[in-house]
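Inspection log for the structure reproduced underneath, given as structure tokens.
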Amino acid sequence: MVTRRQTFRLYPNKAQERALFDARRLHAYLYNACISHRQTEYKHNHKSISYFDQQNLLPAFKAEWEEFAALNSQALQATVKRVDLAYQAFFQRLRGKPKFKSIRNYSGWGYPAKSGWKVDSTGKHGTVTLNDLGVTVKMRGKMRNHEEDWSYPTTLTIVYKPSNRQWFASFTVEVAEPKPKFGSESKLNYESIVTYDLGTETALTLFDGTEFEEIENPRFTQKNDEKVRKTAKQKRRKRAPKKGVKASRRWKKVNKRESKLKAKVARQRKDWQHKVTSDIARRYDIGVTEKLNTKGMTRKAKKGSKRKAQKIGLNRSILSVGFGTLNKMISYKIERKGGLILELPTKQIKPSQRCPKCGAIHKEWAELSNRYHVCSDCKFEVPRDRGSVMVMYNVATNQQPGFGTNLVSLGCLSSTSKTRKYTGSMKQLGQKKRQKSSQVDVGVLETPTVYTVG
Ligand SMILES: [Zn+2]
């Protein structure tokens, strides 16, 4: 079984929305109360409060504040847990010290188990009932919800996006492992290989052994960037909120326009990314790319390091990207249809420094300003990005001159028989992905702050 996330947009009526807002306000209040509790205990009694301390206090809290009595206990516990996770991340220096959250921007709450809510849906649309609020809200699946992935949901998170005033219900569902499109390994077309690389000038460069394909960054990004800059400039000229000073009405107006525009830009980009990557995944069975070392990139900074603050910021941005980048999207889409992804170790292969024709290494090619490569040994000429994908293609198909080692010794594939080799690594990759996505799911449920809808 694989855990997947399915998100629906909610369409509450006036009364229902009031109930949702009330619940959100109470959860935000509880969240802040938990932070305040931890802070005061630490300050005055030098005592560290644990999750269980706070969970045990919940019944007393509910007795004192009767508005909370109606809310689902597990949902309240999940909010307490969210505070705990924020502190755990802080202790591991992944994030800053947990702060009080404004009720206005509070993202929502979750039901961590199957109880307390009911869903009636085919995966496309339907209703969700929240027992504690006594509401049954209409919902519609987001565009890219795959109905075949819909099955028994196990958890539910209610998310509110203040920027566009929309509500979402996000479920985790357990679905059967995707059946490979190609029943047995032998049906995997080993001729259908594509190598791809992300670039700065060109968004994506592809090579399938005979033809190159260059995918440019879409023109709308430039146009949008201009618009965003213009709005930001307008906003700077208005009175922004400061301590003791309210924001001007004009500032608020521009601010609203800005957030709408940003949301639109993000939507367009994502849409474009999905179109491009789905097309590639449809055409090819095997994808070859460089291995990105995100694990090393997100490692904690050394103690006393000056770069700590930078590192924290960097980690945060890397962790929040998720499946966002083009090459990760291609990977999961090819794997999803039962294809295979090879990730080549950059350090050994050096695709951007190696001549695809003779295999010679040219250190000076590594510089980003060097866009057109001419090999001083064999006189082969190739634009930078094309050279990299050619090298990767040659390595993957075992025909790169000057490169004796095969994929098995590079650790890309296990060293058993040929057919089992491929399935083995496919499974391993799949397992790795699953581990990763299940970790993300827990985070999503309990700390909806990192969750971005749309
Ligand atoms: Zn050469």
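Residue count for segment 374-403 under the criterion of being assigned to a helix (DSSP H, G or I) and of a type in the set (S, T, N, Q): the result is 2. If the condition is being of a type in the set (G, A, S), in contact with a strand residue (DSSP E or B) (Cβ under 6 Å, 6 or more places away or on another chain) and at pLDDT below 90, then segment 141-191 contributes G141, S151. Between E216, E258, E290, which is over 17 Å from M329 (Cα atoms) and of a type in the set (D, E)? Only one candidate passes the filter, namely E258.
Of the residues in segment 266-277, none is more than 18 Å from the chain's Cα centre (by Cα) and open to solvent by 40 Å² or more (accessible area, probe 1.4 Å). One residue stands out among those in segment 369-382 that are closer than 25 Å to N217 by Cα and open to solvent by 50 Å² or more (accessible area, probe 1.4 Å): the one that is farthest from the ligand (Cβ to nearest atom), which is S369. Whether any residue in segment 46-61 is open to solvent by less than 30 Å² (accessible area, probe 1.4 Å) and basic (K, R) is what I want to check. No, segment 46-61 contains no residue that is open to solvent by less than 30 Å² (accessible area, probe 1.4 Å) and basic (K, R). Answer with yes or no whether R82 is in contact (Cβ under 8 Å) with a residue 60 or more places away in the chain and outside any loop (DSSP other than H, G, I, E, B). Spelling it out, R82 is indeed in contact (Cβ under 8 Å) with a residue 60 or more places away in the chain and outside any loop (DSSP other than H, G, I, E, B). Scanning segment 341-363 for residues that are touching a Gly at 6+ places or on another chain (Cβ under 7 Å), near the ligand (Cβ under 9 Å from one of its atoms) and not small (G, A, S) yields a total of 2. Evaluation of A366 against the conditions (1) within 14 Å of the ligand (Cβ to nearest atom); (2) closer than 18 Å to D197 by Cβ shows that the sole unmet condition is (1). The lone criterion from (1) modelled with pLDDT under 90; (2) in a loop (DSSP other than H, G, I, E, B); (3) under 19 Å from T195 (Cα atoms) left unmet by Q348 is number (2). Restricting attention to segment 354-364, the residues being touching a strand residue (DSSP E or B) at 6+ places or on another chain (Cβ under 7 Å) and buried (at least 20 other Cβ atoms within 10 Å of the Cβ) number 2. If you take the residues in segment 88-106 that are over 15 Å from R24 (Cα atoms) and among the aliphatic types (A, V, I, L, M), which one is surrounded by the most Cβ atoms within 10 Å (Cβ to Cβ)? Ranking the qualifying residues of segment 88-106, first place goes to A89.
Within segment 198-217, the set of residues being acidic (D, E) and farther than 18 Å from V395 by Cβ comprises E201, E211, E213, E214, E216. The numbered conditions (1) more than 14 Å from the ligand (Cβ to nearest atom); (2) within 25 Å of E216 (Cβ to Cβ) are all true for V395 except (2).
The values are calculated or read from the model by the stated rules, or taken from the named source; none is laboratory data. None of the values given here were measured: they were computed from a predicted structure. In this analysis, Cβ positions are derived from the backbone assuming ideal geometry, glycine residues included, and neighbour counts consider all displayed protein chains. When the accessible area is computed, the model is the full protein with side chains, heavy atoms only, and any ligands, DNA or RNA have been set aside. Shrake-Rupley method; radii C 1.70, N 1.55, O 1.52, S 1.80 Å.
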